[in-house]
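None of the figures in this text is laboratory data; all of them are computed from the coordinates on show. If you're wondering where the values come from, they're calculated on a predicted model, not measured in any experiment. Neighbour counts run over all protein chains shown; Cβ positions are idealised from the backbone, glycine included.
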């Protein structure tokens, strides 16, 4: 996602990361109990995982996260007007970039004389599922995170 944000920044397309909570808390990154702790975790996200986009930190109770659907790894794209033009319950770089490419062409299409009218689409995208990387992320949080995930999803 950092690469996509960098690629489109010159087109005045912004990207932020909303840090809401630890999806799989463990001993190293436990369940959040204070805003100070939450800011430390967000800084580690930036430093350890190399997130280069601006990181906004949600309230301790996750008010923003709940307002936008509470899924663990969502992506939303807003037009400058504030209109939601893309909403995904999972962040996938291919899907996000496809949407950015599509929506960034709308001004050119209008300038070329096309009369465009919005409509709603639902589609099923597919993402890479890299279990090795996923478990590395769980291990970063601590053995408890790995154990709890394996118990909840024995075939995962």
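In segment 87-98, what residues are in a helix (DSSP H, G or I) and under 14 Å from the mean Cα position of the chain (by Cα)? Within segment 87-98, 93, 94, 95, 96, 97 qualify. The requirement of being under 29 Å from residue 50 (Cα atoms) and in a strand (DSSP E or B) is not satisfied by residue 146.
Being over 17 Å from residue 127 (Cβ atoms) and either surrounded by 12 or more Cβ atoms within 10 Å (Cβ to Cβ) or touching a residue at least 12 places away in the same chain (Cβ under 8 Å) (or both) is the requirement here; does residue 54 meet it? Taking the combined requirement at face value, the residue satisfies it. A Cβ distance below 7 Å, combined with a sequence gap of six or more or placement on separate chains, defines the contacts here; from segment 112-136, residues that are surrounded by 10 or more Cβ atoms within 10 Å (Cβ to Cβ) reach residues that are in a helix (DSSP H, G or I) in the pairs 125/95; 135/146. Scanning segment 102-143 for residues that are in a helix (DSSP H, G or I) and touching a helix residue (DSSP H, G or I) at 6+ places or on another chain (Cβ under 8 Å) returns 104, 135, 138, 139, 140. Please find, within segment 62-86, the residue that is farthest from the chain's Cα centre (by Cα) out of those that are exposed (fewer than 14 other Cβ atoms within 10 Å of the Cβ) and over 14 Å from residue 18 (Cβ atoms). In this case the residue turns out to be 81.
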